[in-house]
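Throughout, read-outs are computed from the coordinates displayed, never taken from laboratory work. These numbers come from a predicted model, not from an experiment. Here the Cβ is made from the backbone with ideal geometry for all residues, glycine too, and neighbour counts use every protein chain on show.
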Amino acid sequence: MTLASRFLARLLAFPPADTHDVLVERDVEVPMPDGVKLLADRYYPRQGGKRPTVLVRSPYGRRAFFGLQYGRIFAERGFQVLVQSVRGTFGSGGQLDPFRNERDDGLATIEWMKQQEWFSGEFAMHGPSYLGHVQWAVAREAGPGLKAFVAHETASEFQSQTYAGGAYSLDTTLSWVHLVRNQEKKGLGGLMSRLGAARQLKPLFQHLPLNEVDALATGERVPFFQDWLEHNAPDDPWWNRANFNGALSEVTAPAHLIGGWYDIFLPWQVKDYAALQRAGRAPYLTIGPWTHVSVEGMVVAARESLIWLKAHLLGDRSHLREAPVRVFVMGANTWRDFSEWPPPGIQTRRWHLQADRGLSPATPTASEPDRYRYDPANPTPSLGGALLTREAGPRDNRELEARPDVLTYTSAPLEKALEIIGPVQAELFVRSSLPHTDFFARLCDVEPSGKSVNLCDGLLRLTPGKPAAEPDGTLRITLDLWPTAHRFLAGHRLRLQISSGAHPRFARNPGTGEPLGTAKTLVAADQAVFHDPSHPSALLLPVMGG
């Protein structure tokens, strides 16, 4: 045991180590069917014979803190761990083509493990983000040896997150490209590049066309970034090698899904849970008040992973909770356990947009629509929310709400607390001067001080004929504002923001319908939001307790 592993175990509130005598076999070559060799490090206790294996496959390396976090501290607690670098990263052969080789390479790695004299016949997987996606890539076909997996802040398919609401997730994709292209650089230059990522990328988010920004960010054209710009149609078969949500009903290994209310994968992770549940499985779901890079989320996920793996690989169920669903209710600042998601007893309540920017359960009265102009040359900025970077999470939205291209609809102060747990939607009647445009909606909690804190949001990209116009020419659209769990305290107010963008979280809509990668012309859109008896625009809230 090292001082570092002792410190990390204390940080994670791990139970005491079973053994301090852990060996590491470095740079183990794992051959792939096409001749490429992937490198792995194996952590294992010196004594105790064959232990169940935890397989961790990652594009982010396998040494230093990463090896400590996923290798040593789990090996100290009863497992052997194989930490493998995926294709094209940290010494593994081939080229990194994100998502698309993970099924074949993962299954080949599992078959190789089965042939090793140290393999006990049982294994599990765990890890966040990309490390979670690789679990879904093999879960259906891994065989009976896969006894459990824990997928943190991830989803069985990344296509929907890449084009959330039909718009391109520019901040996430370019930030990730910059990360993986710089993570293996040595010395001061590499360190400064990684530390200065936000500053380096900020001006590039304004650049058009988008098919040039990868080279500006990394010094070279990145093939997979170009692929993402080109293959943005919802039904593009290019994504078939990367999407594994179609076979979730055939996944039988016990799964624990861990996410965050401000995580970039949350809606699709919840869909994965629902698919497993429909198939008669018994998945666990844990959702906390975390962003994708939250340290607190990492701590809880590591602890829950150890509990899950010990229960299903070592037979130690002493710390496994009874309730399969546990969520953190913001505002109340407490954890709640439920038998399923969404929780039983939830009732959808409509809060209608009103004249004079009001918001209430009452039916709206006759009123004129509210209007604003969206100019992609000065796009409405993103502020907090579900970002990959440290700018994610809850933020004070007052500066954003002061912009002329953001409408706000605010309730009266609540006489008593209102608790919502589940998916949130906005059903809006709108009109645009352009057939190509976006609408963005965000739910906020307004404190008595006036501070407006974002809870959940969503964007929808409109194209000609989608959706079809109402007889009077308006468009009836439904925006999924992502799930949440929050208690609005007495004296607080509900607020719904409406705008036409959140740049660079979502690439701005140029208004022209030009291809995503090559669009350069920007056209402003004049937008209208209706709220009258014939157009009852509303916020749909999952209210706990009716």
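For PRO31, neighbours were defined as the other residues whose beta-carbon sits under 13 Å from its Cβ, and their charges (Lys and Arg +1, Asp and Glu -1) total -3. Working from Cα pairs under 8 Å separated by at least six residues, relative contact order for the chain is 14 percent.
At an R0 of 60 angstrom, the distance between the Cβ atoms of ALA4 and LEU522 translates into a FRET efficiency of 0.75.
When you filter the GluC sites (Glu not before Pro) in the range 111-192 for DSSP loop state and at most 13 other Cβ atoms inside 10 Å of their Cβ, you are left with GLU117, GLU184.
Kirkwood Rh and Cα-based Rg: tell me the resulting Rg over Rh for the range 169-231, rounded to two decimals.
On the way: Rg = 11.4 Å, Rh = 11.9 Å.
Rounded to two decimals, Rg over Rh is 0.96.
The value for the range 74-172 of Rg(Cα) / (2.2 N^0.38 Å) is 1.19. Once the Cβ-Cβ distance of ASP27 and THR478 is raised to the sixth power relative to R0 = 60 Å, the FRET efficiency obtained is 0.70.
Please identify the GluC sites (Glu not before Pro) of the range 390-494 that satisfy two criteria: DSSP loop assignment and at most 10 other Cβ atoms within 10 Å. Which are they? Don't jump to the answer; show the numbers that get you there.
Values: sites: GLU391, GLU399, GLU401, GLU415, GLU419, GLU427; in loops: GLU391, GLU415.
Passing sites in the range 390-494 are GLU415.
Test of understanding: what is the full-extension gain from ALA13 to LEU414, defined as 0.36 nm times their sequence separation minus their Cα-Cα distance? Intermediate values should be presented prior to the final figure.
Details: separation 401, 0.36 × 401 = 144.36 nm, distance 3.90 nm.
Length gained, ALA13 through LEU414: 140.5 nm.
In the range 54-119, inverting the average of 1/r over every pair of distinct C-alpha atoms gives 12.6 Å as the Kirkwood radius. Treating each Cα of the chain as one equal point scatterer and applying the Debye formula with no solvent, the log10 of I(q)/I(0) at q = 0.09, 0.10, 0.11 Å⁻¹ comes out as -0.69, -0.85, -1.01. Computed extension gain for ARG403 through TRP335, at 0.36 nm per residue and net of the alpha carbon distance, reaches 20.9 nm.
Here the alpha carbons of the range 1-142 define both size measures, Rg and Dmax, at 14.5, 43 Å. Cβ-Cβ distance of ARG63 and ASN378, R₀ of 45 Å, FRET efficiency by 1/(1 + (r/R0)^6): the value works out to about 0.50. Lysine pair count for the chain (Cα-Cα distance under 21 Å; residues 8 or more apart in sequence or on different chains): 9. Computed 3J(HN,Hα) for the range 7-13, one whole-Hz value per residue from the Karplus formula 6.51 cos²θ - 1.76 cosθ + 1.60 where θ = phi - 60°, is 5, 5, 4, 5, 4, 7, 6, glycine and proline marked x.
Can you tally the net charge around TRP118? Count Lys and Arg as +1, Asp and Glu as -1, for every other residue whose Cβ sits under 14 Å from the Cβ of TRP118.
Working: positive: ARG42, ARG46, LYS50, ARG51, LYS114; negative: GLU25, ASP41, GLU117, GLU122.
Around TRP118, the charge tally is +1.
Determine the sum of side-chain charges near SER85: Lys and Arg each +1, Asp and Glu each -1, restricted to other residues whose C-beta is under 12 angstrom from that of SER85. Net of charged neighbours comes to +1.
Considering only DSSP states other than H, G, I, E and B, which GluC sites (Glu not before Pro) in the range 292-382 qualify as loop sites with at most 11 other Cβ atoms within 10 Å?
On the way: sites: GLU296, GLU304, GLU322, GLU340; in loops: GLU322, GLU340.
Here the sparse-neighbourhood loop sites are GLU322.
Taking the convex hull of the alpha carbon atoms in the range 346-544, what volume per residue do you get, in Å³? Roughly 118 Å³ of hull volume per residue. Using the Karplus relation 6.51 cos²θ - 1.76 cosθ + 1.60 with θ = phi - 60°, the per-residue 3J(HN,Hα) values for the range 203-214 come to x, 6, 5, 8, 7, 9, x, 5, 6, 10, 6, 5 Hz, with x marking Gly and Pro.
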